[in-house]
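One structure is given below, encoded as structure tokens.
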């Protein structure tokens with residue numbers, strides 16, 4: 001027992017000294033541990049920052065894929081197409097064959113029976129009964145309603161598919177346009193930044209010339225005013241970039257404040273589509289036209305359906321009934337019937353329904369013609385916009401070359417003391433205007449070409465060749 005007490009005492013003393021050691025050593029190690037943990041967090045943060053900063057800029061293709069993935073309107077159109085597809089089996093199923101099975105157990109009373117002989121009775125109304133029925137119904141003839149219903153359902157699927165394509169092409173066009181708007185805003189910001197830089201350099205030269213006594217104080221003041229105006233334009237350009245980024249994120253279904261980094265778009269040979277060929281393509285490819293044509297065909301099938309309501313119908317029905325035996329019934333029954341129904345008098349209901357269906361055909365046909373006329377105008381406008389933008393690009397490019405040369409000469413003349421402040425100011429304004437016009441013309445062409453693609457029903461994910 002004494003050995004056991006000694007061993008327990010030793011264990012208690014050992015645990016006590018171990019606890020004291022931890023209390024003394026841990027504060028000494030804590031700073032090193034905190035520093036190591038902080039260093040690890042810093043490395044992690046730096047790595048995350050590097051990954052975010054080095055994120056690959058979005059291409060036009062990737063932007064379109066994101067917009068198609070995140071746009072709720074496309075999901076709505078897809079659901080409508082799936083719903084339309086379910087009408088096809090419904091149209092087939094409504095004309096049979098339809099088989100129904102029914103089973104029941106019934107408790108009832110009072111029991112009704114009567115004697116049928118010495119020591120035996122016949123039960124007419126038993127305490128309980130079991131019933132199992134299988135029935136078959138099949139429409140053999142219903143006029144044109146059977147094929148018309150099937151064709152109408154199939155046409156509805158086609159119309160929903162074309163509506164889905166219309167939504168898809170609209171998303172593609174809006175994505176392209178917003179993408180080009182971001183690039184336009186960035187280019188305008190570059191022009192504004194270059195203008196500010198040029199104004200700052202000119203102010204430095206004006207101050208140096210004033211200090212040397214070669215120009216008047218007026219030149220310095222005029223240069224300061226011009227620099228202030230340039231910085232106002234720079235602020236507007238910065239705001240334009242932010243607005244374009246927000247609109248782009250909105251089209252892509254992202255947070256409007258998400259950072260935007262885009263790849264530039266290479267523009268090769270600039271083409272002007274042929275107006276007549278574009279119209280023929282649009283009449284053949286536009287989803288709105290194709291969907292409305294299906295609506296006209298569906299309305300025509302509905303006329304056949306309403307007309308079928310005035311025709312005879314033939315139906316086949318059969319049933320097998322398994323039941324509890326009673327005094328007046330066996331344990332099963334079966335029946336088969338062939339029925340002919342002929343409409344005789346409905347107070348003009350069927351005729352009115354047919355007339356209504358025909359008016360719907362006329363309404364949809366009129367709507368189709370209206371859509372074609374609007375599309376013809378849209379195609380013509382898009383071709384003219386592409387042509388105008390191309391011509392503006394050619395003119396603006398020459399204006400930029402001339403303005404750059406004029407700016408160079410004006411700066412040189414001012415440095416040599418033979419030019420005036422007004423010459424430099426006019427040259428800078430002309431160069432800024434020429435660069436801005438060239439930028440607008442270039443991205444107007446890209447946006448107009450994207451609108452033309454949608455106008456002819458051929459909006460693709462690829463950029464302009």
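Considering 149, 198, the condition of being crowded, with 22+ Cβ neighbours inside 10 Å, on the phi < 0 side of the Ramachandran plot and modelled with pLDDT under 95 is satisfied by 149 alone.
Candidates 360, 353: the one that is part of a helix (DSSP H, G or I) and more than 36 Å from the chain's Cα centre (by Cα) is 353. Return yes when residue 282 is loosely packed, with under 14 Cβ neighbours inside 10 Å, assigned to a helix (DSSP H, G or I) and over 20 Å from the mean Cα position of the chain (by Cα) and no when it is not. Judged against the criteria, residue 282 is not a match.
When the stretch 207-232 is limited to residues that are touching a residue at least 40 places away in the same chain (Cβ under 8 Å) and in a helix (DSSP H, G or I), the one that is surrounded by the fewest Cβ atoms within 10 Å (Cβ to Cβ) turns out to be 218. Condition check: within 36 Å of the chain's Cα centre (by Cα), loosely packed, with under 15 Cβ neighbours inside 10 Å, part of a helix (DSSP H, G or I) and in contact (Cβ under 8 Å) with a residue 12 or more places away in the chain. Does residue 160 satisfy that? Considered against the rule, which asks whether it is within 36 Å of the chain's Cα centre (by Cα), loosely packed, with under 15 Cβ neighbours inside 10 Å, part of a helix (DSSP H, G or I) and in contact (Cβ under 8 Å) with a residue 12 or more places away in the chain, residue 160 comes out as no. Among the residues of the stretch 66-91, those that are touching a helix residue (DSSP H, G or I) at 6+ places or on another chain (Cβ under 7 Å), part of a helix (DSSP H, G or I) and closer than 19 Å to residue 254 by Cβ comprise 66, 67, 68, 70, 73, 74. Note on the stretch 92-108: residues that are modelled with pLDDT of 85 or more and either in a strand (DSSP E or B) or touching a helix residue (DSSP H, G or I) at 6+ places or on another chain (Cβ under 6 Å) (or both) total 10. When the residues of the stretch 233-270 are filtered to those that are part of a loop (DSSP other than H, G, I, E, B) and under 22 Å from residue 435 (Cα atoms), the one that is modelled with the lowest pLDDT is 268. One residue is enough: does the stretch 334-347 have a residue meeting the conditions over 30 Å from residue 130 (Cβ atoms), touching a residue at least 24 places away in the same chain (Cβ under 8 Å) and surrounded by 12 or more Cβ atoms within 10 Å (Cβ to Cβ)? There is at least one residue in the stretch 334-347 that is over 30 Å from residue 130 (Cβ atoms), touching a residue at least 24 places away in the same chain (Cβ under 8 Å) and surrounded by 12 or more Cβ atoms within 10 Å (Cβ to Cβ). The single condition among (1) touching a strand residue (DSSP E or B) at 6+ places or on another chain (Cβ under 6 Å); (2) under 30 Å from residue 108 (Cα atoms); (3) surrounded by fewer than 12 Cβ atoms within 10 Å (Cβ to Cβ) that residue 331 does not satisfy is (1).
Kindly indicate whether any position in the stretch 411-431 is assigned to a helix (DSSP H, G or I), exposed (fewer than 14 other Cβ atoms within 10 Å of the Cβ) and under 50 Å from the mean Cα position of the chain (by Cα). For the stretch 411-431, residues assigned to a helix (DSSP H, G or I), exposed (fewer than 14 other Cβ atoms within 10 Å of the Cβ) and under 50 Å from the mean Cα position of the chain (by Cα): absent.
Restricting attention to the stretch 416-432, the residues that are within 20 Å of residue 213 (Cα to Cα) and in contact with a helix residue (DSSP H, G or I) (Cβ under 6 Å, 6 or more places away or on another chain) total 4.
All of (1) surrounded by 16 or more Cβ atoms within 10 Å (Cβ to Cβ); (2) in a helix (DSSP H, G or I) hold for residue 459 with one exception: (2). Using the structure shown, decide if residue 135 is buried (at least 19 other Cβ atoms within 10 Å of the Cβ) and within 30 Å of residue 311 (Cα to Cα). Spelling it out, it is not the case that residue 135 is buried (at least 19 other Cβ atoms within 10 Å of the Cβ) and within 30 Å of residue 311 (Cα to Cα).
For the stretch 109-144, residues that are over 30 Å from residue 93 (Cα atoms) and part of a strand (DSSP E or B) total 15.
The values are calculated or read from the model by the stated rules, or taken from the named source; none is laboratory data. All values reported here derive from a predicted model rather than from experimental measurement. We place every Cβ from the backbone using ideal geometry, glycine too, and count neighbours over all the protein chains shown.
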